[in-house]
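Note sheet for the following structure.
The values are calculated or read from the model by the stated rules, or taken from the named source; none is laboratory data. Keep in mind the model is a prediction, meaning the values are calculated, not measured. All Cβ positions, even for glycine, are placed from backbone atoms using ideal geometry, and neighbour counts span all protein chains on display. Heavy atoms of the whole protein, side chains included, go into the accessibility calculation; ligands, DNA and RNA do not. Shrake-Rupley method; radii C 1.70, N 1.55, O 1.52, S 1.80 Å.
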Amino acid sequence: MQTRLLNLLVCPICKGPLDHWRPPAQERQELVCHADRLAFPVRDGIPVMLESEARAISGEPTASAFPDSRLDDHADPA
């Protein structure tokens, strides 16, 4: 998925930022909202941003497991 598109997309529920999870680090390609703990699928390169299509996530991995995710961009400078 294009980085430019990813930067424009937000969670349809809380309007918060999304992380792009993709193989090989993750089993499937998804856009993840950590605030709502939902993962929205990406099918054929198209994000499906419908709450009814999202899956609930639990026990998610740490940001260090995803060095290219947006979590690192929002880290506290402390």
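Listing for the model above:
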read-out	value
Pairs where the first residue, in the range 1-26, is more than 16 Å from Arg55 (Cβ to Cβ) and the second is assigned to a helix (DSSP H, G or I) and open to solvent by less than 60 Å² (accessible area, probe 1.4 Å), C-beta under 7 Å, 6+ apart	Pro17/Arg70; Ala25/Ala65
All positions within the range 27-59 that are in contact (Cβ under 8 Å) with a residue 12 or more places away in the chain and among the aliphatic types (A, V, I, L, M)	Leu31, Val32, Ala35, Leu38, Ala39, Val42, Met49, Leu50, Ala54, Ala56, Ile57
Residues that are open to solvent by less than 20 Å² (accessible area, probe 1.4 Å) and not in a strand (DSSP E or B), drawn from the range 7-40	Cys11, Gly16, Leu18
